[in-house]
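Contents: one structure, followed by commentary.
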Amino acid sequence: MTAQPDHIKQTETGRIIISVDVMGGDLGPATVIAGLDASARENADIGFIAHGPKEEIEKLLSRRKRLVGRVVVRDARDVVAMGDKPSHVVRNGKNTSMWSALECVRTGEATVAVSCGNTGALMALSMIRLRKLPGVNRPAIAILFPSRNPQGFNLMLDAGADVRADARDLLQYAMMGASYARNGLSLRRPRVGLLNVGTEEHKGRSELKEAHDLIGLSASAADFDYVGFVEGSDIPGDAADVIVTDGFTGNIAIKTGEGTATLIGDLLRQAFRYTPLSRLAYLLALTSMRRLKQRIDPRRVNGGVFLGLNGTVVKSHGSADATGVSAAVRLAFQLAKSGFTEKLAARVASIAPLQQDTTEPPENGAA
């Protein structure tokens, strides 16, 4: 294989560098490398730093001529398993591919890190190596959910970074979510909703009512529209672009959505196989069924973004195939190109006055 330089810098190559944990996925490093190859085919402006056992990765790269000169390999012998406890990884994970991938973002060699690995371990290591942005109490995981909105997806956070969230945490989630929607979904003025058991203002826990007031107070100056409380049925709806909730509720919502989608798919397959006539109906509807499958295909929006850190981390599904990995890399590239980390830091800093004194809105300026 052609010798690779020891390091790549964006200023030298003209490319945005993505740091990738090659060993984190359920389907193995070959699938991750195939995803990088697909990304390289789509976009000439991406370069990679790949982390894992050097010999194994270089062997896989030798079969991908498109990646020659686009990938630097960093040798990392250990792997974070899906069953590893985050506390154990924090204490003993220095030689893992996940740690190595995050380290490149910390040192500035790469702009974004991508991993298909253990979510809890990835968040724990990200908080240790990258640290939280000043003023952030709890980082959040933001995910994209298929919706009726023109952009095709709604943003929901937190999806499971922390099961708890008080009113000021929810305010931070709203600000970070609006910034992500602006930079990741190209929504100039996102609509933000706060997930509750009903849309009436008297419903919900005390922290939700307090968050309702804080978010409403900050919306105008922060350049987003606050639509108030929304319900579970609005997560895939068109009432809001950003859905704010705590990690406990958000994680249950996304897992319920994934399970429901799988159930509907299974039931449809059973229905179309029931009789010869139904099988004929399936053939007649094949084009429409493929269009529907593409519309709700979770691989197209694979990648939860860790918000509130001094660096951007994209968490891909552990079971992602090459298409899913490519989608996560595409999202990472888009956020890196927009200068998302710097804009998010500015947005978080802008709400410090509001957190200290709820009678004054933050300074103006969109990020």
What's the number of the condition residue 200 fails, among (1) part of a helix (DSSP H, G or I); (2) closer than 28 Å to residue 151 by Cα?
-> (1)
Selected residue (only one of 184, 193 is touching a residue at least 40 places away in the same chain (Cβ under 8 Å), within 16 Å of the chain's Cα centre (by Cα) and closer than 29 Å to residue 120 by Cα) = 184
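Looking only at segment 203-235, count every residue that is in a strand (DSSP E or B) and not hydrophobic (A, V, I, L, M, F, W, C) and tell me the total. Before you say what the answer is, go through the steps one by one.
Going through segment 203-235, the residues in a strand (DSSP E or B) turn out to be 225-230.
Next cut, not hydrophobic (A, V, I, L, M, F, W, C) only: 225-226, 228.
Final tally of qualifying residues: 3.
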Subset of segment 239-297 (residues that are β-branched (Val, Ile, Thr), without any contact (Cβ under 8 Å) to a residue 60 or more places away in the chain, out of contact with any Asp or Glu (no Cβ under 9 Å at 6 or more places or on another chain) and closer than 25 Å to residue 179 by Cα) = 252
Could you grab me the full set of residues in segment 104-117 that are surrounded by 21 or more Cβ atoms within 10 Å (Cβ to Cβ) and either modelled with pLDDT of 90 or more or closer than 23 Å to residue 177 by Cα (or both)?
-> 104, 105, 110, 111, 112, 113, 114, 115, 116
Output the residue which, of all residues in segment 248-301 that are closer than 30 Å to residue 139 by Cβ and of a type in the set (Lys, Arg), is modelled with the highest pLDDT.
-> 255
Which condition number in (1) aliphatic (A, V, I, L, M); (2) part of a strand (DSSP E or B); (3) exposed (fewer than 14 other Cβ atoms within 10 Å of the Cβ) is the one that residue 72 fails?
-> (3)
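Quickly run through segment 75-103 and pick out the residues that are of a type in the set (Asp, Glu) and either more than 22 Å from residue 50 (Cβ to Cβ) or assigned to a helix (DSSP H, G or I) (or both).
Restricting attention to segment 75-103, the residues satisfying the condition of being of a type in the set (Asp, Glu) are 75, 78, 84, 103.
Of everything in segment 75-103, just one residue is of a type in the set (Asp, Glu) and either more than 22 Å from residue 50 (Cβ to Cβ) or assigned to a helix (DSSP H, G or I) (or both), namely 103.
The values are calculated or read from the model by the stated rules, or taken from the named source; none is laboratory data. Quick caveat: nothing in here was measured; it's all calculated off a predicted structure. Positions of Cβ are generated from backbone atoms using ideal geometry, with glycine treated the same way; all protein chains shown enter the neighbour counts.
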